[in-house]
Amino acid sequence: MTNAQKLFAVFGVATGAALVLAVPASANRFGGPGPFGDRGPGRPNPQANAQCLRNCGQLDGFCLDSARNDAQTCSVSTCSTERQNAEDACSMDHRSAACQSARTALGTCLQPCRSALQTAVRACRTARQTCVATCATSVPTQPDPQCITGCRTTQKSCNTTATSTEQGCVADCNSLITTAQQTCAAGPGASACTTALQLAQACLQPCNQAERTALQACTQAAQSCIAACPNVTPTPTATATPTTSTGSTTAAILRARPRH
């Protein structure tokens, strides 16, 4: 980096510190990902009901698997003899009378297992419908908006303090910046210019580092503040029901009468 570039860098740091104080401390603190999230504080998660529906689907799958397993167990434990008889009778000629008789006996034996399976499947479907209805009617909770606002206000104040402290630190370096400016104006390529720039940068570096550390501490404090906020159920906004005057209702009825 040339001495001229170093000089511009020093001036950029000093000017940037002043601009930070000119812009509200909350700028670029809440617009994107941060302690309040991409959607901002106090907004319910739009994926909440979708996750609820997925959970209902998984529960339904477990329920149906259990019903099928029970039916299989019933078949093996109750009708193993009838199944073997049907296999033996039908192995040579599946159209024989003996095969048909064995199949009928197996079907009669399996009927209670089939009835139990059908009952279990209906119960699974009913349970899923109830689960899905709960997802549709449940109101998601959200962090207390007043608590979130308090966290936001506290972080703004913390950010302002951090940037104000950094401005005071940079002000202590003004004399070195001025010296570097005057020295490099006479000869940007001279060693005296390089030395003056190094002194100015060495003075500004702790200021910048201290501000970054302070702002990180502000963000972490805000995150902890939000995590401690209690969840509340949002109160639905009442919707006014349009009313119809008696005269308007009567007129509408008369207009609806068939003409003779």
Exercise for the section: Tabulate in residue order the Karplus-calculated ³J(HN,Hα) for segment 145-150, using 6.51 cos²θ - 1.76 cosθ + 1.60 with θ = phi - 60°, rounded to whole Hz; enter x for Gly and Pro. Expected result: x, 5, 5, 4, 4, x
Exercise for the section: Taking H placed 1.01 Å from N in the peptide plane, check which residues at least 5 places from CYS229 or on another chain put their amide H under 5 Å from its amide H. Expected result: none
Exercise for the section: Kindly provide the trypsin sites (Lys or Arg not before Pro) of segment 49-95 that DSSP labels as loop, not H, G, I, E or B, and whose Cβ sees at most 12 other Cβ atoms within 10 Å. Expected result: ARG95
Completion exercise
In nm², the average projected area of the convex hull spanned by the Cα atoms of segment 47-141 is 7.7
Practice task
Report the label-to-label distance for ALA227 and SER77 in nanometres (one decimal), using points 7 Å from each Cα along the Cα→Cβ vector.
Solution key: 4.9
Exercise for the section: State, as an integer percentage, the relative contact order of segment 143-228 based on alpha-carbon contacts under 8 Å between residues 6 or more apart. Expected result: 46
Practice task
State the extension gain, in nm to one decimal, for the chain segment bounded by GLN182 and THR130, taking 0.36 nm per residue of separation less the distance between their alpha-carbons.
Solution key: 10.8 nm
Completion exercise
Per the charge dipole of segment 106-222 (beta-carbon charges, Lys/Arg positive, Asp/Glu negative, Cα centre), the residue among THR178, ALA217, LEU197 reaching farthest to the positive end is ALA217
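Every number in this text was worked out from the coordinates using simple rules, so none of it is lab data. A quick note: this is a predicted structure, and the numbers were derived from the prediction, not measured. Backbone-built Cβ (ideal geometry, glycine too); neighbour counts: all protein chains shown.
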